[in-house]
Amino acid sequence: MAILPILRYPDARLHKTAARVTRVDEKIRKLIKDMADTMYAAPGIGLAATQVDAHLRVIVIDISETHDQLHALVNPELLEASGEADCEEGCLSVPGVYEKVRRAQHIKVRAWDAQGAGQTFEADGLLAACIQHEMDHLVGKVFVEYLSRLKQQRIIARLKKQLRQAM
Ligand code: NI
């Protein structure tokens with residue numbers, strides 16, 4: 001079991017664009033395992049590789065309360081998106097901040113699983129919001145960037161203060 005350090009907003013590395021995975025090998029499977037361990041330990045319901053400074057298109061999600069419904073998505077692609085829903089979101093890279101974000105209500109996604117097998121599936125509600133949130137990380141976008149500039153500045157000031165107090 002390996003717990004990886006999670007980058008904290010506004011770390012510039014959170015804005016890197018992740019590269020496509022060419023093959024799911026032992027290295028990628030280890031990354032998935034470590035990311036899942038890190039997410040469960042936090043605890044959180046989703047984590048993108050970007051957040052652990054591994055810039056590859058890999059995300060892990062588990063929205064269950066029992067922590068036994070792990071979804072590992074490699075090279076996720078959004079095939080369809082429809083409807084709108086406001087969901088209160090948080091992020092392990094932005095601790096203590098929860099804000100409503102409007103996203104598609106229903107999505108259709110294609111991705112590889114931890115065995116490298118292709119899968120296409122549909123998601124709604126919280127799972128859909130979570131997948132969209134994590135996919136944003138892979139293109140360097142953090143959820144607070146959907147908020148007003150003023151709110152973002154307040155969040156950055158608060159996180160910087162937390163960091164200073166932790167040192
Ligand atoms: Ni996040």
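Let me know the charge dipole size of the chain about its Cα centre in debye, to the nearest 20, where only the beta-carbon of Lys, Arg (+1) and Asp, Glu (-1) is charged. Mind dumping the intermediate values first?
On the way: 23 positive and 22 negative charges, 196 e Å.
Once rounded to the nearest 20, the dipole reads 940 debye.
Could you tell me what percent of the accessible area of the chain is made up of carbon and sulfur, with a 1.4 Å probe and every protein chain present?
Working: 4570 of 8960 Å².
After summing per-atom areas, the C and S share lands at 51 percent.
Which whole-number percentage describes the relative contact order of the chain, with Cα contacts under 8 Å and a sequence gap of 6 or more?
Values: 308 pairs, mean separation 39.6, N = 167.
Relative contact order comes out at 24 percent.
Using the Karplus curve 6.51 cos²θ - 1.76 cosθ + 1.60 with θ = phi - 60°, work out ³J(HN,Hα) for each residue of the stretch 143-149 in order, rounded to whole Hz, and write x for Gly and Pro.
Once θ is set to phi - 60°, the couplings for the stretch 143-149 become 4, 5, 6, 7, 8, 5, 4 Hz.
Given N residues in the chain, what is its alpha carbon radius of gyration divided by 2.2 N^0.38 Å? Can you show the working numbers first?
On the way: Rg = 15.4 Å, N = 167, 2.2 N^0.38 = 15.4 Å.
After normalising by residue count via 2.2 N^0.38 Å, the value is 1.00.
For the stretch 52-65, take each phi angle, set θ = phi - 60°, evaluate the Karplus expression 6.51 cos²θ - 1.76 cosθ + 1.60, and give the result in whole Hz per residue in order, putting x for glycine and proline.
10, 6, 10, 8, 10, 7, 9, 9, 10, 9, 8, 9, 6, 7
Please say if the stretch 20-101 is rounded, prolate or oblate, where rounded means a/c under 1.5 for a ≥ b ≥ c the square roots of the C-alpha gyration tensor eigenvalues, and otherwise the choice is prolate for a/b larger than b/c and oblate otherwise? The partial results should precede the final answer.
Working: a/c = 1.74, a/b = 1.28, b/c = 1.36.
Since a/c reaches 1.5 but b/c is at least a/b, the shape of the stretch 20-101 is classed as oblate.
Taking loop as defined by DSSP and a crowding limit of 14 other beta carbons within 10 Å, which GluC sites (Glu not before Pro) in the stretch 1-78 fit?
On the way: sites: E26, E65, E77; in loops: E65.
For GluC sites (Glu not before Pro) across the stretch 1-78 that sit outside H, G, I, E and B with at most 14 neighbouring Cβ atoms in 10 Å, the list reads E65.
So, in Å, what gap is there between the alpha-carbon centers of the stretch 80-116 and the stretch 17-38?
20 Å
I'd like to check one number: the per residue accessible area of the chain, probe 1.4 Å, reported in Å² as a whole number. Display every interim value, and only then the final one.
Numbers: 8960 Å² over 167 residues.
Value for the chain: 54 Å² per residue.
The values are calculated or read from the model by the stated rules, or taken from the named source; none is laboratory data. Predicted, not measured: the structure shown is a model, and the values here were computed from it. As a convention, Cβ positions derive from the backbone with ideal geometry for all residues, glycine included, and neighbour counts pool all protein chains shown. Ligands, DNA and RNA are excluded from the accessible area calculation, which covers all protein heavy atoms including side chains. Shrake-Rupley method; radii C 1.70, N 1.55, O 1.52, S 1.80 Å.
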